[in-house]
Amino acid sequence: MPNPTMGGRGARTAPPDRKLDMGATKRLLRYIMRYKFRFAAVVLCIIASSLVNVSSSIFIKTLIDDYVKPLLLESDPDFSGMLGLVTGMGCVFAVGIICSLTYNLIMVYISQGVLKDIRDEMFEHMQRLPLRYFDSHTHGDLMSRYTNDTDTLRQMISQSIPNIIISVITIVSVFCTMLYLNIWLTMFVVVFVLIMMRTVKVLGGRSGRYFIGQQRSLGALNGYIEEMVNGQKVVKVFCHEEKAKEAFDKLNEELRVNASSANSIALTMMPILANLGNLQYVLIAVIGGGLACAGVPGITLGTVSAFLQLSRSFSMPISQVSQQMNAVIMAMAGAARIFELLDEPVEGDEGKVTLVDVEKHADGSITETAHKTGHWAWKELQPDGAARYTELRGDVRLNSVDFAYVEGKPVLHDVTLYAKPGQKLAFVGATGAGKTTITNLINRFYDISDGTITYDGIDIKRIAKSDLRRSLGIVLQDVSLFTGTVMDNIRYGRLDATDEECIAAAKLANAHGFISMLPQGYDTVLEGDGSGLSQGQRQLLSIARVAVADPPVMILDEATSSIDTRTEAIVQKGMDSLMSGRTVFVIAHRLSTVRNSNAIMVLEHGRIIERGDHEQLIAQRGKYYQLYTGAFELE
Amino acid sequence: MVKKLMGSIRQYRVNAIKAPLYVIMEVLLEVWVPFLMADLIDYGIDLGDFGYILRMGALLIAACVLSLLFGAGSARQAAIASTGFAANLRRDMYHKVQEYSFENIDKFSSASIVTRLTTDINNIQMAFQMIIRVAVRCPVMLIAAMIMASRVNLELSMVFLAAMPLLAVGLGIIIKNGMPRFEKVFRAYDKLNLVVQENLRGIRVVKAFVREDHEIEKFDENSKNIYRLFSGAERLLAFNMPLMQIASYGCMLTVAWLGARIIVLSGETEMTSGQLMSLITYSMQVLTSLMMLSMVFVMITISRASAERAYELLTEESTIAEPENPVTEVKDGSVEFRHLDYSYSGSDERLCLKDIDISIKSGETVGIIGGTGSSKSTLVQMIPRLYDALHGEVLVGGVDVRDYDIETLRNAVSMVLQKNELFSGTIKENLRWGNEHATDAELEHACRLACAHDFIMELPKGYDTWIEQGGTNVSGGQKQRLCIARALLKKPKILILDDSTSAVDTHTDSVIRTAFREEIPNTTKLIIAQRISSVQDADRIIVMDEGRVAALGTHEELLRSSDIYREVFESQTRGGEENA
C-alpha cells in the first residue's frame, strides 16, 4: 500500500534546489539519534536482509554448478547434499524475512516518533513567538510547514533512508561478488550502468525544466480559480460568465500543454530504465555466453546465470539511489524551513510583577486570596523575599511614546496620555492613524521604541507578560472563533467559567437572543471560524467572551462596527454596567460609539491632534467636528 | 459516476486507448524475453554454439528495444491522455460553476468549489494515469507470465498458482484493515490542520487571553492522536515487504529444489538449467505484478472520494433555470413584490422573508433600513433573480422575473453587493465589467457620478492603475465608489446599493445621491443603509425587522409612526446622552 500524501494541499511552487542542505541534515539526524538504539537495530537488520537478498543470486549459481552439473554425470544421483543446500538457504531466507519485518516495524516508531517530536516542538515554539513574526509570514506559509514539509520529511525518513541503506549495501556487496566471479563482465556492467545514469540525468534535467513550467501555470490557474470563485456572485450579477470561461480556458490549456510535456518525460523514465535493464541482461547473456563458448577460463554456465541475476540487483538500486536523492534534497529543503521556524527567537519576558486576586479590607489594606473577588493587585517580590502589593486600579499612562513596526518608519510620535481609573477613553482617526497600535503597545504585543508606559505606576516591562494580558480584556477588530460549541467559544475567556456564567455573559452582550435561535442553542458547534454567523453575531460572541473573563481593564477595538446602531446601544449599556468603575479603551470608526467617553483622542499620522470630551471637541470646531458633521471620510 | 466523468475524455480518447495497447505490447515482449533467454542458455551457451548465441542475442536485443519503445510510447500517451482528461474535466466543472445560482454557490461554499477544481482534479488525474497504464500492465503481466511459465514447465508453474492466493490473501487482509485506518489518519490530519489554522488566524486572541498553553494542549492531543493512528496504520504496512519476501523466497526455493531434481532425474530432457532460470524470473514477474496490482487498487480507492466530489459538482442542477420562451425586454424599472416568502432551507420553517408585499414605481428612490439579520439583502437579491421566491412572486417592469431571459434581467438590474469584489486588473478593466464597450468618456462620466473620478486622477497611473486581487490597494470607501461606478456603467433601469456607501463619508455620500437624483432620474434606486442620513431623503423608506416589512413611508411619517425607525434615528443622532 502506498503512503498517501497527507494534507499536501496545493503543489509546492519553488523547484527544488539541487543541493543537499547539510546543516538541516545534521539536525535531523540528531532527532533520529534520540532513538539511537532502535536506529542501530534498524541498520543492522537492513544490512542482514540485503545480504540475504544478494546471496539468493549465488544460491542459483551454486545449485547449478556444484550440484546439478555433477549430479547429471552420476548414474544414481544422491540429492541429500542438494537438500542440505536448499534447507540451509531456507534458513538464511527466514533470517532475512525476520530482519526485514523487524526493521520495517521499528522504522514506523522512529519515523512517527521523530515527526511527532518535531511537530510538537514546532507548535509549542510557534506559540511563544512574538506577533511580529506572524505579521511577516503568511498563514499559508506557516501552515505548509505542518503539512507539506513534515509530510515530505515523513516519506524521507520512512522510505528514503531505508531504501538508500539497502541500495548502498546491495551495490557494494553485489559489486564485490561480481568482481569475485569475473572481472571482465563486471567492467561491462559498470560501463552499462554509467550509460543508464547518464540517461537519467539528461531526462531528469529536461523534466525539471518542464516541471517548473507546469508549477508556474498551475499556480496561475489556481490563483485565477480562487479569485473568480470567491467573486462568483459578482460575476453573476454582471453576467460575466462567458468572459470568465474564456480566460479560464486559456490558462487551462496552458497548464495542459506544460503538464503533458512534464509528465511525458517523468513517466517515460521508468519504462526506459526498466527496459535498459532488460537490454543489459540480454547483452550479458550474449557476451557471457560467447566467452563461455570460447572457453575463457573461469566462466561457466553458473557464472553467467549468477551474473544475470546480479546485474539486475546492481542496476536497480543505482537508479533507485538517484531517484531517492531527489526526495532527500526536497525533504531537507522542507526540514530547513522547519528549523528556521524553530530558530526564531521567542517573545522575551523579563517581567517579575504578577497579578493576584485580593481581598479588600475595611481599613484599606489588602491580602492575597485564591478565589475571585473582583479586586486585583500587582504583587512584587522584594529582594528580602517579602511581597509588596499594589492595588490594581486601572491607571494607565503613556509618556512620550514612540513606536515603529519597521525600523525607520515611525507609526507613533510622542504620544502621551493618561487613563484615570474608571475612565472611558476613546481613540478616533483614519485607518493607519495608529489607534490599534496604541492598544497593541499597552498589552505588549509589540514593545515601544522610546518613552514609557506605566500601569498603576509600574512600568509594564516589569510586569510578567501573561499577567499583564490577563488584566486586559480585549475585543479585537477581526473576530476569531474556534471550532467547538458556542459555549466553548464564550468560555475561551475564562476556562473555569460555569455554564451559568457563560450564559450570563451572553445575555450581557445581547447575544443570548440569537444563540437561543441556533439549532442546538449553546451547544451548536461552530465550524470554519463561525462562518454560519453574521459578522454582527460574531462580534456579539466575542464581546460575551471578554465579558466572561471579567477583566479589570478592557480594550474594545472596533468591537461593534458590524452591529446595527440600535443593538449597539443595548450592548453598550450592558458593557457600561459591567465595567463601571473600571478603565475602558474604545476604538471606533462610528462616532456614535465613542460619544459618551470621558475623553476622546483624535489621532492623525501617529500623533494625537485633539483631545477632550465630545462637547469640548465639538466646541473646538477642529477635526473631530469635521468628522462628526461628515465633512471627512474615515478609512 | 464513472461514465459521467469519462465523458470529459473527448479528443484524448485515442491516446487513452493507445496507452494500454502499447503497455500490453511492452508486457508481452518483456514476458517473451525470459523464454528466449532459456533457449539461448540451453542451446547456445550450454552447447557452445556461438552462432546460435548471436542469432538469439540479436532477436533478444530487438525484443528489448521494441519493448523500450512501446514502454516509452505508452508512458507518453498516458501522460497526454491523463493531463488532457484532467484539463477537460476541470473545464467542464468550471463551466458548470458558471451556471450556478447563488443558492448553489452557498451550498458548496467557495472554498469547497476551489478545492474540487484544484486538489481533487489532481487526484483524479493521477488515478486515471494509473488506470490506463499500471492497472492494465499488472493483470496482463500476471497472466502472460503464468502462461509462459506453464509452457516451460506445467507442474512447476503450479507452484506460483499456490503462492499467488497466499500473497493475495495476505495483501487483501492488509488493505482491508489498512484502508479504514488510513482514513482515520486523514481525518486526524484534517483536525490538526484545523487547529493550526485557527490558531494562526486567532493568534492575537490567543495571546490576548494568554491561552498559549491551552492551545498547545489542544495541539498535543491531536498530535498524539495522529501518532497513535498513523503508527497503527503503518505497522500494518510493515508486513507488506516480509510477506512479499516469503512468497518470492518460497517460490525460489521450491522451484529450485523441484526444478533441479527434474533436471537431474530426467537428464536434462524434461527441463534444462536455462528453463530453471527463466522460471525464477517468471516467478518474480508474477509476484511483483500482484503486489503492484494491490497498490493500484488502493490508489484508486483513495481517489474515489475526489471523483465523487467532482461528480457532485458536475451533476448539481442550477436552482435557477431559464424559462422556455423568455421575455427579452424589460419595459421599465418598476418593482413589485407580491406576498413573497423565502427561506434558504427551501422549507416553510425558518422563513427569512415573510409575506413581503410592496410595489415600487419606476424611477422611485426607496431606502431600506433594518437591524443585523433582518434580511434586507435577501429581499433586494430577489429582484435580479439571484434567488427564487418560495411563495409569491417578484415582478420587474410588470413581468414575473422568472419569465425573463436571465441576462436581459440582470443587465437591466444593476446591483452593488455588500461584499463586493474588485478583480486583479486595471481600474479601466474593472469598470468595463459593467459595459465592455464603454468609451473612456463614458467611464469618466460614471466615475464622476460615483465621486470616484477625483481620487482616480490622483493615483499615479489614473485609470490605468493596477488593482490588486480583492482590491486591497485602495481604501474601503474608494473601493465602494469604484463598485458603484462599475454598476452605473450598465445603464440599468434599476440600481440597487446594498450597504455600498458605509465606508464613504457622509458628505460624499450625499453628493453621490444628489448626482443620482439629477443625472439618472428615471432609474429606480433601492438603497440599503445603516446610516439614516443615507436614506432619509428617499421617496419612501422600508423598515425591515426579522424578515417582515415593519413600516413603510417617508422619513417624517416613519419618525412619527415607527418605533424601530425612531430608535435607530435617535441612536445615531443623540443616543449618547442617555447612555452616559
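The values are calculated or read from the model by the stated rules, or taken from the named source; none is laboratory data. None of these values were measured; they are calculated from a predicted model. Neighbour counts run over all protein chains shown; Cβ positions are idealised from the backbone, glycine included.
Test of understanding: among A:Leu591, A:Leu540, A:Leu533, which residue is within 11 Å of chain B (Cβ to nearest Cβ), among the aliphatic types (A, V, I, L, M) and farther than 27 Å from A:Gly422 by Cα?
Details: A:Leu591 fails: farther than 27 Å from A:Gly422 by Cα; A:Leu540 fails: farther than 27 Å from A:Gly422 by Cα.
From the options A:Leu591, A:Leu540, A:Leu533, the qualifying one is A:Leu533.
Go through A:Arg132, A:Arg128 for me and flag whichever is touching a residue at least 12 places away in the same chain (Cβ under 8 Å) and over 23 Å from A:Tyr31 (Cα atoms). Spell out how you get there, then give the answer.
Numbers: A:Arg128 fails: over 23 Å from A:Tyr31 (Cα atoms).
Only one candidate passes the filter, namely A:Arg132.
Mind checking which residues of the stretch A:282-303 are touching a residue at least 12 places away in the same chain (Cβ under 8 Å), under 54 Å from the mean Cα position of the chain (by Cα) and surrounded by 23 or more Cβ atoms within 10 Å (Cβ to Cβ)?
Within the stretch A:282-303, A:Ala285 is the sole residue that qualifies.
I need the full set of residues from the stretch A:219-231 which are in a helix (DSSP H, G or I), in contact with an Asp or Glu (Cβ under 9 Å, 6 or more places away or on another chain) and within 7 Å of chain B (Cβ to nearest Cβ), in order please. Can you show your working first?
First pass over the stretch A:219-231, keeping only residues in a helix (DSSP H, G or I): A:219-230.
Next, only the ones that are in contact with an Asp or Glu (Cβ under 9 Å, 6 or more places away or on another chain) stay: A:220-221, A:227, A:230.
Those that are in a helix (DSSP H, G or I), in contact with an Asp or Glu (Cβ under 9 Å, 6 or more places away or on another chain) and within 7 Å of chain B (Cβ to nearest Cβ): A:Glu227, A:Asn230.
Per-residue answers, yes or no, for (1) charged (D, E, K, R); (2) more than 8 Å from chain B (Cβ to nearest Cβ); (3) over 30 Å from B:Phe102 (Cβ atoms); (4) in contact with a Ser or Thr (Cβ under 7 Å, 6 or more places away or on another chain):
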position: A:Leu142; (1), (2), (3), (4): no, no, yes, no
position: A:Gln155; (1), (2), (3), (4): no, yes, yes, no
position: A:Ser160; (1), (2), (3), (4): no, yes, yes, no
position: A:Tyr180; (1), (2), (3), (4): no, yes, yes, no
position: A:Phe192; (1), (2), (3), (4): no, yes, yes, no
position: A:Gly204; (1), (2), (3), (4): no, yes, yes, no
position: A:Ser207; (1), (2), (3), (4): no, yes, yes, no
position: A:Tyr210; (1), (2), (3), (4): no, yes, yes, yes
position: A:Val234; (1), (2), (3), (4): no, no, no, no
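Restricted to the stretch A:523-582, and to residues that are in contact with a Ser or Thr (Cβ under 6 Å, 6 or more places away or on another chain), of a type in the set (D, E, K, R) and over 18 Å from A:Cys502 (Cα atoms), which residue is modelled with the highest pLDDT?
By that ranking, first place goes to A:Asp557.
Whether any residue in the stretch B:8-23 is outside any helix (DSSP H, G or I) and more than 23 Å from B:Leu276 (Cβ to Cβ) is what I want to check. Before you say what the answer is, go through the steps one by one.
Going residue by residue through the stretch B:8-23, those that are outside any helix (DSSP H, G or I) are B:8-9.
Keeping just the survivors that are more than 23 Å from B:Leu276 (Cβ to Cβ) gives B:8-9.
Yes - at least one qualifying residue is present in the stretch B:8-23.
Select the helices (runs of 4 or more DSSP H) contained entirely in the stretch B:120-206, then report the ones holding at least 1 residues which are in contact with a Lys or Arg (Cβ under 6 Å, 6 or more places away or on another chain), within 14 Å of chain A (Cβ to nearest Cβ) and more than 20 Å from B:Phe297 (Cβ to Cβ). Don't jump to the end; show me each part of the working.
Details: elements: B:121-132, B:134-152, B:154-201.
Helices (runs of 4 or more DSSP H) meeting the threshold: B:121-132, B:154-201.
Can you confirm whether A:Leu468 is at pLDDT 90 or above and not small (Gly, Ala, Ser)? Lay out the reasoning, then the answer.
Values: at pLDDT 90 or above: yes; not small (Gly, Ala, Ser): yes.
Criteria met by A:Leu468.
On the basis of being of a type outside the set (D, E, K, R), at pLDDT 80 or above, part of a helix (DSSP H, G or I) and surrounded by fewer than 19 Cβ atoms within 10 Å (Cβ to Cβ), does A:Leu276 make the cut? Before the answer, list the steps.
Numbers: of a type outside the set (D, E, K, R): yes; at pLDDT 80 or above: yes; part of a helix (DSSP H, G or I): yes; surrounded by fewer than 19 Cβ atoms within 10 Å (Cβ to Cβ): no.
No; evaluated as a whole, the condition is false for this residue.
If I filter the stretch A:88-116 down to residues being out of contact with any helix residue (DSSP H, G or I) (no Cβ under 6 Å at 6 or more places or on another chain) and more than 9 Å from chain B (Cβ to nearest Cβ), which single residue comes out as surrounded by the most Cβ atoms within 10 Å (Cβ to Cβ)?
Once the filter is applied, the top-ranked residue is A:Val95.
Test A:Ser577 against the stated conditions and say whether it is of a type outside the set (A, V, I, L, M), within 12 Å of another protein chain (Cβ to nearest Cβ) and part of a helix (DSSP H, G or I).
Working: of a type outside the set (A, V, I, L, M): yes; within 12 Å of another protein chain (Cβ to nearest Cβ): yes; part of a helix (DSSP H, G or I): yes.
It is true that A:Ser577 is of a type outside the set (A, V, I, L, M), within 12 Å of another protein chain (Cβ to nearest Cβ) and part of a helix (DSSP H, G or I).
Considering only the stretch A:468-477, state which residues are surrounded by fewer than 22 Cβ atoms within 10 Å (Cβ to Cβ) and more than 8 Å from chain B (Cβ to nearest Cβ).
Passing the criteria: A:Ser471, A:Gln477.
Pull up the stretch A:444-467, narrow it to residues that are in a strand (DSSP E or B) and more than 13 Å from A:Trp378 (Cβ to Cβ), then point me to the one that is nearest to the other protein chains (Cβ to nearest Cβ). Before you say what the answer is, go through the steps one by one.
Here is the first cut: in the stretch A:444-467, the ones in a strand (DSSP E or B) are A:450-455, A:458-459, A:463.
So of that shortlist, the ones also more than 13 Å from A:Trp378 (Cβ to Cβ) come out as A:450-453.
Working: A:Asp450: 23, A:Gly451: 22, A:Thr452: 22, A:Ile453: 16 Å.
Here the residue is A:Ile453.
Working carefully through the options A:Tyr103, A:Tyr109, find the one that is under 30 Å from B:Ile216 (Cβ atoms), touching a Ser or Thr at 6+ places or on another chain (Cβ under 8 Å) and in a helix (DSSP H, G or I). Can you show your working first?
Values: A:Tyr103 fails: under 30 Å from B:Ile216 (Cβ atoms).
Of the residues listed, the single one that is under 30 Å from B:Ile216 (Cβ atoms), touching a Ser or Thr at 6+ places or on another chain (Cβ under 8 Å) and in a helix (DSSP H, G or I) is A:Tyr109.
Table: residues versus (1) in contact with a helix residue (DSSP H, G or I) (Cβ under 7 Å, 6 or more places away or on another chain); (2) assigned to a helix (DSSP H, G or I); (3) within 7 Å of chain B (Cβ to nearest Cβ).
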| position | (1), (2), (3) |
| --- | --- |
| A:Cys239 | yes, no, yes |
| A:Ser260 | yes, yes, yes |
| A:Thr268 | yes, yes, yes |
| A:Gln280 | yes, yes, no |
| A:Pro297 | no, no, no |
| A:Ser315 | yes, yes, no |
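Right, B:Gly576: at pLDDT below 90 and over 46 Å from the mean Cα position of the chain (by Cα) or not? First the steps, then the outcome.
Values: at pLDDT below 90: yes; over 46 Å from the mean Cα position of the chain (by Cα): yes.
Here the answer is yes, as B:Gly576 does meet what is asked.
Could you check, for the stretch B:261-270, whether at least one of its residues is in contact with a helix residue (DSSP H, G or I) (Cβ under 8 Å, 6 or more places away or on another chain), in the same structural domain as B:Val169 (by TED's automatic domain parsing) and polar (S, T, N, Q)?
Looking through the stretch B:261-270, none of the residues is in contact with a helix residue (DSSP H, G or I) (Cβ under 8 Å, 6 or more places away or on another chain), in the same structural domain as B:Val169 (by TED's automatic domain parsing) and polar (S, T, N, Q).
Restricting to the stretch A:478-499, give me the number of residues that are in contact with a strand residue (DSSP E or B) (Cβ under 8 Å, 6 or more places away or on another chain) and within 12 Å of chain B (Cβ to nearest Cβ). Quick ask: steps written out before the conclusion?
Applying the first criterion (in contact with a strand residue (DSSP E or B) (Cβ under 8 Å, 6 or more places away or on another chain)) to the stretch A:478-499 yields A:481-486, A:489, A:493.
After this cut, where a residue has to be within 12 Å of chain B (Cβ to nearest Cβ) as well, the list is A:481-484, A:489, A:493.
Adding up the residues that qualify gives 6.
Looking at (1) part of a helix (DSSP H, G or I); (2) farther than 21 Å from A:Asp151 by Cα; (3) in contact (Cβ under 8 Å) with a residue 60 or more places away in the chain, which is the one condition that is false for B:Glu270?
(1)
What is the residue count in the stretch B:313-326 for residues that are surrounded by 12 or more Cβ atoms within 10 Å (Cβ to Cβ) and in contact (Cβ under 8 Å) with a residue 60 or more places away in the chain? Show your work before the answer.
Filtering the stretch B:313-326 down to residues surrounded by 12 or more Cβ atoms within 10 Å (Cβ to Cβ) leaves B:313-314, B:316, B:318-323, B:326.
Now drop any that are not in contact (Cβ under 8 Å) with a residue 60 or more places away in the chain, which leaves B:313-314, B:316, B:318-320, B:322-323, B:326.
Residues that pass the stated criteria total 9.
Can you name the strands (runs of 3 or more DSSP E) wholly within the stretch B:503-580 that have at least 2 residues being buried (at least 21 other Cβ atoms within 10 Å of the Cβ) and more than 12 Å from chain A (Cβ to nearest Cβ)?
On the way: elements: B:524-528, B:540-545, B:548-553.
Strands (runs of 3 or more DSSP E) meeting the threshold: B:524-528, B:540-545.
Residues of the stretch A:555-571 being assigned to a helix (DSSP H, G or I) and of a type in the set (A, V, I, L, M), which ones?
Residues satisfying the conditions are A:Ala569, A:Ile570, A:Val571.
Collect the residues in the stretch B:386-405 that are under 20 Å from A:His240 (Cβ atoms) and either surrounded by 22 or more Cβ atoms within 10 Å (Cβ to Cβ) or of a type in the set (Phe, Trp, Tyr) (or both), keeping them in residue-number order. Working first, answer last.
Restricting attention to the stretch B:386-405, the residues satisfying the condition of being under 20 Å from A:His240 (Cβ atoms) are B:386-387, B:401, B:404-405.
Scanning the stretch B:386-405 gives B:Leu386, B:Tyr387, B:Val401, B:Tyr404.
For the stretch A:211-256, which residues satisfy the criterion of being in contact (Cβ under 8 Å) with a residue 12 or more places away in the chain and of a type in the set (Val, Ile, Thr)? Outline the logic, then answer.
First, pick out the residues of the stretch A:211-256 that are in contact (Cβ under 8 Å) with a residue 12 or more places away in the chain: A:211-222, A:224-225, A:228, A:244, A:247-248, A:251-252, A:254-255.
Result: A:Ile212, A:Ile225.
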